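Okay, structure first, notes after.
Throughout, read-outs are computed from the coordinates displayed, never taken from laboratory work. What you are looking at is a predicted structure, and each value in this text was computed from that prediction instead of being measured. In this analysis, Cβ positions are derived from the backbone assuming ideal geometry, glycine residues included, and neighbour counts consider all displayed protein chains.
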Amino acid sequence: MQTSLQTLPLWAQLALLIVPAASAIFAAVGLLLTFYQSRRTNVQTRATLVAECLKGFAEDQDIQRAFYAIEYSKFKYDEEFHGSEYEREIDKLLRHFSNIALAWQAGLLSTRDVRPIQYYVLRVVRNAEIQKYLKFIANWSKQQKLGEHPYAVLSQLSEKLPK
């Protein structure tokens, strides 16, 4: 007894084999292309986050004043710091880099992604006077029972960056 497939002409039998196989190949190629494009988009998005951080860093006058005070060892953390214009500028700088650190903590960025701003982050966070301020902020946040301050994540990021 012949099956209904065997009653079809040879070209129709071959088509019934080739069409699903070709469809599977096209679907696999489509999946690979989608995967590749998704990875490229992910890399581009991460690069955009870091580029925007670098742009904001370079274009903001308050941040620049704060950074250069640190860069040229003019920043001193003392009793006159709190409530001063200097505090506002330093906090703006630290918040700026803390945003990138929070993205890193959330897994949106890797330490490799942060390399374009690594020097600036490390120069700021490893400054002895900034370290005093960060210690004060950490203790104050703990006393106020506010949880971990975002600057703590910035410190964690700086520890993970290559030296």
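Is there a pair in Lys92/Lys142; Lys74/Lys163; Lys142/Lys163 whose C-alpha atoms are over 25 Å apart, and which pairs would that be?
Going by Cα-Cα distance, Lys142/Lys163 fall outside the 25 Å limit.
Could you rank the peptides 74-85, 107-118 by their average count of other C-beta atoms within 10 Å per residue, with the highest value first? Please list the in-between numbers first.
Details: 74-85: 11.9, 107-118: 14.4.
Per-residue mean Cβ counts within 10 Å order the peptides as 107-118, 74-85.
Given the rule -39500 (n - 2.57) for each run of at least 4 DSSP H residues, summed and divided by the residues of the chain, what is its mean residue ellipticity at 222 nm, to the nearest 500 deg cm²/dmol?
It comes out at -24500 deg cm²/dmol, rounded to the nearest 500.
Please list, by residue number, every one of the chymotrypsin sites (Phe, Trp or Tyr not before Pro) in segment 25-74 that is coil in DSSP and has at most 12 other beta-carbon atoms within 10 Å.
Details: sites: Phe26, Phe35, Tyr36, Phe57, Phe67, Tyr68, Tyr72; in loops: Tyr72.
When the chymotrypsin sites (Phe, Trp or Tyr not before Pro) of segment 25-74 are filtered for loop state and at most 12 Cβ neighbours within 10 Å, Tyr72 remain.
In whole Hz and in residue order, list the ³J(HN,Hα) couplings for segment 27-44 that follow from phi through the Karplus curve 6.51 cos²θ - 1.76 cosθ + 1.60, θ = phi - 60°; x for Gly and Pro.
5, 5, 5, x, 5, 5, 5, 5, 4, 4, 5, 4, 5, 5, 5, 4, 4, 5
I'd like the per residue volume of the convex hull spanned by the Cα atoms of the chain, given in cubic angstrom.
177 Å³
Taking the mean number of other Cβ atoms within 10 Å as a proxy for protection, how do you rank 128-135, 149-156 from highest to lowest?
Top to bottom by mean Cβ count within 10 Å: 149-156, 128-135.
Residue by residue through segment 102-110, what is 3J(HN,Hα) from phi via Karplus (6.51 cos²θ - 1.76 cosθ + 1.60, θ = phi - 60°)? Round to whole Hz and write x for glycine and proline.
Coupling constants for segment 102-110: 5, 5, 5, 4, 6, x, 7, 10, 9 Hz.
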